[in-house]
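S.K.: Following this message is one structure expressed as structure tokens.
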Amino acid sequence: MRIGELSRLTGASRRLLRYYEEQGLIVPDRGANGYREYDDRYVDRVEQIRGLLDAGLPTRIIKQILPCLDKPRSIHFPDATPEMLALLAAERDRLTDRIDVLVRNRDAMSEYLAEVGKCRAPAPGSSHGTPHPPSAVSATP
């Protein structure tokens, strides 16, 4: 498939896909005309990259761990240096801290929305009340 099709299937812009290529995260084949050619496995690869980026990992670390995602878990990784392992452990710990903050923020928002919902609920026996604002109604924890 060409870059436009991969963009459509993954939701990643063509510019972003070219950036992934510049960073060595994806390596498409080139057709005789020089156009990038991607096979179906790149759909999953781009989704993996986006997930790791969304988790806060920098591309330099993603480039190091992407090959590990293709291998069965039982394979030994001789290229895993102590420095790389320490870096990954630090990133994992940073992500754990970030997740804790996100969970606290989500819980605080849920409590706020619940309280706002109580304040705006119609009084018992009343046929009308103050309507919920769209943002409070559509928000989910």
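The values are calculated or read from the model by the stated rules, or taken from the named source; none is laboratory data. All of these numbers come straight from a predicted model, not from anything done at the bench. Every residue, glycine as well, gets a Cβ built from its backbone with ideal geometry; the counts of neighbours run over all protein chains shown.
S.K.: What are the residues in the stretch 17-33 that are of a type in the set (A, V, I, L, M, F, W, C) and either under 20 Å from the mean Cα position of the chain (by Cα) or within 19 Å of Gln48 (Cβ to Cβ) (or both), if any?
M.R.: Leu17, Leu25, Ile26, Val27, listed by residue number.
S.K.: Wholly within the stretch 1-62, which helices (runs of 4 or more DSSP H) include no fewer than the required count, namely at least 2 residues that are under 30 Å from Thr96 (Cβ atoms) and either assigned by TED's automatic domain parsing to the domain that holds Leu85 or modelled with pLDDT under 90 (or both)?
M.R.: Fully inside the stretch 1-62 and qualifying: 41-54.
S.K.: Now for a different question. Where the second residue is among the aromatic types (Phe, Trp, Tyr) and the first is in contact (Cβ under 8 Å) with a residue 40 or more places away in the chain and lies in the stretch 21-33, which pairs have Cβ atoms under 9 Å and are six or more apart or on separate chains?
M.R.: The qualifying pairs are Leu25/Tyr19.
S.K.: Moving on to the next point. Please specify each residue of the stretch 100-127 satisfying the condition of being under 20 Å from Gly56 (Cβ atoms) and at pLDDT below 90.
M.R.: none
S.K.: Out of all the residues in the stretch 63-89, which are surrounded by 11 or more Cβ atoms within 10 Å (Cβ to Cβ) and modelled with pLDDT of 80 or more?
M.R.: Lys63, Gln64, Ile65, Leu66, Leu85, Leu87, Leu88 - these are the residues of the stretch 63-89 that are surrounded by 11 or more Cβ atoms within 10 Å (Cβ to Cβ) and modelled with pLDDT of 80 or more.
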